[in-house]
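Working notes for the structure below.
What follows draws every value from the coordinates through simple rules; no lab data is involved. Keep in mind it's a predicted model, so treat the numbers as computed, not measured. Quick reminder, even Gly has a Cβ in these numbers, built from the backbone with ideal geometry, and neighbours come from all protein chains shown.
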Amino acid sequence: MNRSDPIARAMQAALETGVFPGAVLIVRLRGRVVYERAFGQAALIPGPEPATLATVYDLASLTKPLATATAVLLLIQERRLSLEQPVQDLLPELQGSGIGPATLLHLLNHSSGLPAWRPFYERIAERDRDQPGYLGSPAAKDLVLDLIRQEAVVYPIGARSLYSDLGFMLLGFILERLTGGSLAGFCQSRIHGPMNAAPLSFLPRGATRSGGPGDDTQRGRIDRRLVAPTEEDPWRGRVLRGDVHDENAYAMGGVAGHAGLFGTASAVLAVSGCWMQAYLGGDGLLSAELVQRFAARQEQTAGSSWGLGWDTPSAPSSSGTRFSPTSFGHLGYTGTSLWIDPRSRLEVVLLSNRVHPTRHNQGIQTFRPLIHDLIYEELIGD
């Protein structure tokens, strides 16, 4: 280890204290990659495997901005969606439900009134015992939509923000209903492919292990041998590798609006770069006006730090204390994060599998702000 590299020393200390078994950190400043290193192990069990820049991570909730929110923005840009549309107009099954009048803006801003999480996978697994093959089937996704329809809102729509996986599940259903295909296919063909963000894809359940020329499930775009394992999962009875860690996303087939995306740090940086480019007014796939709106804190929701699909810095923030108020980012439960600061043109991608071999490790909550402050201080200064 280079003793003159404070960032490497901090990452090594995180390894030694068990924050994560390994990680990949990439930093881009003013359009140039200035830091790119892998640290530690991608796997600990059944045996150690070193993390490399090619290691693929389960991105968890980074799926929300990198896939779902980006897809919504693109369809708004094409005038196929509007932020003001009620979800019941797009999913008629929600007519008369508590969530029906909420708009796309409410879902993206986590201000729909839906609860944060529900163990839908338990209901799906229960049906699978009587109907083998139900788990991961289209019928399982229909059940999830029906269960969300039955949910009572926990506060009036638009009154405040509560981070909700359920809202992004609905966005995933809306995108698939509108485009007539899978969320995975739309994101690959319309977003991640044009952005040259490879390897970045969903890994649907039931697809072939390595894929091939005729495999349109997206699993073929990622070599499972390069995927960092996540948890030794008691529900599934194995160490997860190439299957999404999030139980609800897994039970829905591995492709969902709230989780399911896998990728390398460089692939995440490719999407980040498109958002940064658009934010700064450059030509590209995304509209500058919409990107700036999605990335901005939505002031109409009192006390919320949320933009549309993105979070913004608030005290305390995982981005630390140095990123500007114009910054936007997101975290993933498995130990992933992306923060973008347009003012300093700084992008930081930190991918880890902190849930390997168990989720009972919260050290990353303290580490994230520290490493972002250190990166800012070392590369930008005052």
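Taking only DSSP H segments of four or more residues, each worth -39500 (n - 2.57), what value at 222 nm results for the chain once the sum is divided by all its residues, to the nearest 500 deg cm²/dmol? All intermediate terms of the calculation are to be shown ahead of the outcome.
Values: 12 runs with 115 residues, N = 382.
Calculated at 222 nm, the ellipticity per residue is -8500 deg cm²/dmol.
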| message | Which of Leu147, Leu162, Leu338 ends up with the largest GNM mean-square fluctuation for the chain, with Cα atoms connected below 10 Å? | response | Leu147
| request: Taking only Cα atoms and a 10 Å spring cutoff, compute GNM fluctuations for the chain and point out the largest among Asp146, Asp243, Asp165. | output: Asp146
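Over the stretch 235-360, what is the mean sequence separation of C-alpha contacts under 8 Å (at least six apart), divided by residue count, expressed as relative contact order in percent? Don't skip to the end; give the middle numbers.
Details: 164 pairs, mean separation 19.5, N = 126.
Relative contact order of the stretch 235-360: 16 percent.
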| message | Quick check on the chain: of the DSSP beta bridges with both residues there, what percent are antiparallel, nearest 5%? | response | 95 percent
| remark: If R0 = 41 Å, then Asp382 and Ala116, at their Cβ-Cβ distance, give a FRET efficiency to the nearest 0.05 of 0.60
| request: With just the Cα atoms of the chain, tell me how far they stretch along each of the three principal axes, in Å, largest first. | output: 62, 46, 39
| task | Please sort by residue number the GluC sites (Glu not before Pro) in the stretch 64-128 whose DSSP state is loop and whose Cβ has at most 12 other Cβ atoms within 10 Å. | result | Glu78, Glu84
| message | If the elastic network links every pair of Cα atoms under 10 Å, which of Asp223, Asp58, Asp341 fluctuates the most in the Gaussian network model of the chain? | response | Asp223
| request: DSSP loop (so not H, G, I, E, B), at most 15 other Cβ within 10 Å: list which GluC sites (Glu not before Pro) in the stretch 284-375 pass both filters. | output: Glu299
| message | At a threshold of 8 angstrom on Cα-Cα distance, excluding pairs fewer than six apart, so keeping six or more, what relative contact order does the chain reach in percent? | response | 23 percent
| Whole-angstrom gap from the stretch 333-361 to the stretch 85-157, using each part's C-alpha centre | 28 Å
| task | Evaluate the distance, in nm, between pseudo-label points positioned 7 Å from the Cα of Gln95 and of Gln12 along their respective Cα→Cβ axes. | result | 6.5 nm
| query | What is the log10 of I(q)/I(0) for the stretch 1-104, computed with the Debye formula using one identical point scatterer on each Cα and no solvent, at q = 0.12, 0.14, 0.19, 0.24 Å⁻¹? | reply | -0.67, -0.75, -0.98, -1.36
